[in-house]
Amino acid sequence: MTRIAYLVTSAREMTLADGTPHPTGYFAEEALKPYQRFVAAGLDVTVITPDGQPPYADPYGRSWFFHYPEQDKDYLASVVRTFAHDVDDIRVTLHQNTELGLAGARRVAARLESRGYSPAQAHQIVSAAAKRAWRQDRQLADVMAEDESHGLSREEIQAEVDAQRAASERLAAERLAALQAIPGFQYPVALSSLSDDELAGFDAVFAPGGHGPMVDLSDNPDVGRLLVALHRKSAPIAALCHGPALLLSAPERADGQWLFDGYRLTCFTDEEEVQTEAGLLGMCWFLDTALKNAGAVFDDGPAAWISHVVADRNLITGQNPGSTEATADAVIKVLRAPVRAAA
């Protein structure tokens, strides 16, 4: 059976630029979804932390706005795409995406449909209001309430926005419970306890994000041993969001260059970072910049917060939480490739 080293941070605290401690850990969605996908694909997943301590779900990553139900998330994406003809002209910040009620778009549209509007008409009405809310930094319910022609009151619109948030809060709790039910997340293997031969026995490594990897995966000799063991046999090395911090533990090649010098890759960008809780408080360093300085050819998506995955040789990286499923699927695709299976 194909074996994946599921390398998760066990950090619980990071130091901010002003020297104060700040809670950290892994992001729940980024840890759960790939794990479930790998298991469903029939892969043998071994949860590993640097020191064998149970990983900790970052409280910030458990916030409701990181856990939109798939239908709400997909509908919101279809609405955002109407904001401009070119995606390069659409810049949706974390604040706009989470605090203006835009995620309630699908539910508001459904209420319009219950009043006799076609799905296309409902989508057009909601998209137009969402675009104004985005441009003016206003609540979707307030903007829509200004136009009485559609027949919905502000209270009705706000009720759907509130219902969406309640659904996200339930989903966040369900995901945390699912993670806590996985034995490997309660009793992980200590990376430091594994020999070089044992590390070479894995067929891939995957590191989910959260700010934690910047604490205990970015300058770790044992992570370096794992990377060398897998890179030597061209096994997939995959990481998501802040997970690519593990690449900074890679040693130099014989020519004196970083092991991944010249590789195309992505990670959580500086643009995205300055919108997060930790980024706003002030971080000691940013991962995007650190990887560029190490020698990476950085490849970010056309806009912040959208799904973006980069594959270069045996390296697979995903940019942000929105890239979770696509990054996991890219790993599965490589591991199932006929050439690899034959080998």
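Annotations
- Enumeration of residues in the range 1-40 that are part of a loop (DSSP other than H, G, I, E, B) and within 20 Å of the chain's Cα centre (by Cα): Val8, Thr9, Ser10, Ala11, Arg12, Thr24, Gly25, Phe27
- Residue match in the range 317-332 (condition: surrounded by fewer than 17 Cβ atoms within 10 Å (Cβ to Cβ) and part of a loop (DSSP other than H, G, I, E, B)): no
- The set of residues in the range 254-268 that are surrounded by fewer than 19 Cβ atoms within 10 Å (Cβ to Cβ) and in contact with a Phe, Trp or Tyr (Cβ under 9 Å, 6 or more places away or on another chain) contains only Arg264.
- Note on the range 268-305: among residues that are over 24 Å from Glu99 (Cβ atoms) and among the aliphatic types (A, V, I, L, M), the one that is nearest to the chain's Cα centre (by Cα) is Leu287.
- Taking residues in the range 109-131 that are touching a residue at least 12 places away in the same chain (Cβ under 8 Å), and partners anywhere that are assigned to a helix (DSSP H, G or I) and surrounded by fewer than 18 Cβ atoms within 10 Å (Cβ to Cβ), the pairs with Cβ atoms closer than 6 Å and at least 6 places apart or on different chains are Ala122/Glu113.
- Odd one out for Leu281 among (1) buried (at least 17 other Cβ atoms within 10 Å of the Cβ); (2) under 26 Å from Thr24 (Cα atoms); (3) among the hydrophobic types (A, V, I, L, M, F, W, C): (1)
Since every read-out is calculated from the coordinates, none of them should be taken as a lab result. What you see is a predicted model; the values in this text were computed from it and never measured. Note that each Cβ is placed from the backbone with ideal geometry, even for glycine, and that neighbours are counted across all protein chains shown.
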